[in-house]
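Enquirer: Quick one: this structure, given as structure tokens, is what I'll be asking you about.
Since every read-out is calculated from the coordinates, none of them should be taken as a lab result. Everything quoted here is computed from the prediction, not taken from an experiment. Here Cβ is always computed from backbone atoms with ideal geometry, including for glycine, and neighbour counts include all displayed protein chains.
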Amino acid sequence: MKRENEIWVIGTEPPCPRCHHLSAMVHELASELGLSIRIRHLAYTEAEAMTFATEMRLEPGTAKDVARKGDISIDWSRVYQLAKVPPQAVEEAPEDVCCPSVAPWTPELDEILRPCEERALDLGIMMTPVLVLSGRIFHQGSVPSKEKTRDWLIQVYGEEIERPEGNRLVEVLGPGCANCEKVYQNAFEAVKRLGLDEETRIVKVTDIREFAKRGVSTTPGLVIGGRVVSTGKVLDVARIMEMLKGT
């Protein structure tokens, strides 16, 4: 199945600080390990995520869903404070969003929501953020440590990591916004359609210091073989295919 060759981070859309941090960490580790595998951020309300949860005999949800179902008391005002959400935004926040912001993640967020994480599975809820490697849940409900996540990636994708790198490196530069994610996914599709999977490694670069090194001032940026071929444009699959053919 498709998911067996992918890494999923299932969370909210737009990503909350915890979902965003986990996704960025997975991309960073994949780059460090030289692992070229498709990484996707799925909203827990998307059909694929809901189907997956059902197969696990769970229902997808957030900390708010767990707290509501388990009658768990959470200091939501502190959660919103940590997420740096303005008071007005708190009032307007959707009922199912636990921390509607992409503020920097802090361990305290996980600690406050720990009672929900500990009860989630017993209540039948697959609680965001969820890390899925090759169709298997490895962690849910909080942000795992970088060390644990690295170990899991090596455990599941060891053979891929040990395989010699492809001759071509494709980098998508961006902070993790929707446009950057779109270009990243389109790059995978373009490589697949051209039959270049075995000789191409695709990575997402989220470190803004790297943007400057490559001369990318506007994201998304696309770098093929060390050469910047596009900045500030949401390239479709066909256009990326043309660029790959020309490099």
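Enquirer: Determine the calculated [θ] at 222 nm for the chain from helices alone, applying -39500 (n - 2.57) to every DSSP H run no shorter than 4 residues and normalising by the residue count; nearest 500 deg cm²/dmol. Write down the numbers at each step before the final one.
Expert: On the way: 11 runs with 108 residues, N = 247.
Helix-only estimate at 222 nm: -13000 deg cm²/dmol.
Enquirer: For the pair Thr45/Arg209, report the inter-label distance in nm, with labels modelled 7 Å from Cα in the Cβ direction.
Expert: For the pair Thr45/Arg209, the computed spacing is 3.8 nm.
Enquirer: Nearest-5 percent of antiparallel DSSP beta bridges in the chain? Present the calculation step by step, with values, prior to reporting the outcome.
Expert: Working: 16 of 31 bridges.
DSSP beta bridges in the chain are roughly 50 percent antiparallel.
Enquirer: What FRET efficiency comes out for the pair Glu32/Leu121, r = Cβ-Cβ distance, R0 = 25 Å, nearest 0.05?
Expert: Working: r = 30 Å, r/R0 = 1.21.
It comes out at approximately 0.25.
Enquirer: Determine the percent antiparallel among the DSSP beta bridges restricted to segment 128-237, to the nearest 5.
Expert: Details: 12 of 18 bridges.
DSSP beta bridges in segment 128-237 are roughly 65 percent antiparallel.
Enquirer: Take Ser77 and Ile154, extend 7 Å from each Cα along the Cα→Cβ direction, and tell me the distance between the two endpoints in nm.
Expert: 4.6
Enquirer: Quick check: from the Cα gyration tensor, does segment 2-161 come out rounded (a/c under 1.5), prolate or oblate? Don't jump to the answer; show the numbers that get you there.
Expert: On the way: a/c = 1.94, a/b = 1.50, b/c = 1.29.
It is prolate, given that a/c is not under 1.5 and a/b is the larger ratio.
Enquirer: Right, here's the next one. If you average the alpha carbon positions of segment 26-87 and of segment 200-240, how far apart do those two centres end up, in angstrom?
Expert: A separation of 27 Å, based on Cα centres.
Enquirer: Based on other C-beta atoms within 10 Å, arrange Thr45, Thr62 from fewest to most.
Expert: On the way: Thr45 13, Thr62 28.
Starting with the residue having the fewest Cβ neighbours, the order is Thr45, Thr62.
Enquirer: Let me ask something else. List the longest stretch of the chain that has no exposed loop site; here a site is one of the GluC sites (Glu not before Pro) assigned by DSSP to anything other than H, G, I, E or B, with at most 16 other Cβ within 10 Å. Can you show the working numbers first?
Expert: Working: sites that count: Glu46, Glu95, Glu165.
With GluC sites (Glu not before Pro) excluded where exposed in loops, the chain gives 166-247 as its longest stretch.
Enquirer: I need the calculated FRET efficiency for the pair Lys182 and Lys245, taking r as the beta carbon distance and R₀ as 22 Å, to the nearest 0.05.
Expert: Values: r = 21 Å, r/R0 = 0.94.
That pair, Lys182 with Lys245, gives E of 0.60.
Enquirer: For the pairs Lys64/Lys192; Lys146/Lys182; Lys146/Lys213; Lys146/Lys245; Lys84/Lys192; Lys69/Lys182, note any where the Cα-Cα span goes beyond 29 Å.
Expert: Values: Lys64/Lys192 39 Å; Lys146/Lys182 25 Å; Lys146/Lys213 25 Å; Lys146/Lys245 36 Å; Lys84/Lys192 40 Å; Lys69/Lys182 34 Å.
As for pairs spanning more than 29 Å Cα to Cα, those are Lys64/Lys192; Lys146/Lys245; Lys84/Lys192; Lys69/Lys182.
Enquirer: I'd like the FRET efficiency for Glu59 and Arg168, computed as 1/(1 + (r/R0)^6) with the beta carbon distance as r and R0 of 35 Å, rounded to 0.05.
Expert: Values: r = 42 Å, r/R0 = 1.19.
Once rounded, the FRET efficiency stands at 0.25.
Enquirer: Which whole-number percentage describes the relative contact order of the chain, with Cα contacts under 8 Å and a sequence gap of 6 or more?
Expert: Once normalised by length, the contact order is 22 percent.
Enquirer: Further question on the same structure: Please name whichever of Pro144, Gln81, Gly176 sits farthest to the positive end of the charge dipole of the chain, dipole taken about the Cα centre and charges placed at Cβ: Lys and Arg +1, Asp and Glu -1.
Expert: After comparing all options, I get Gly176.
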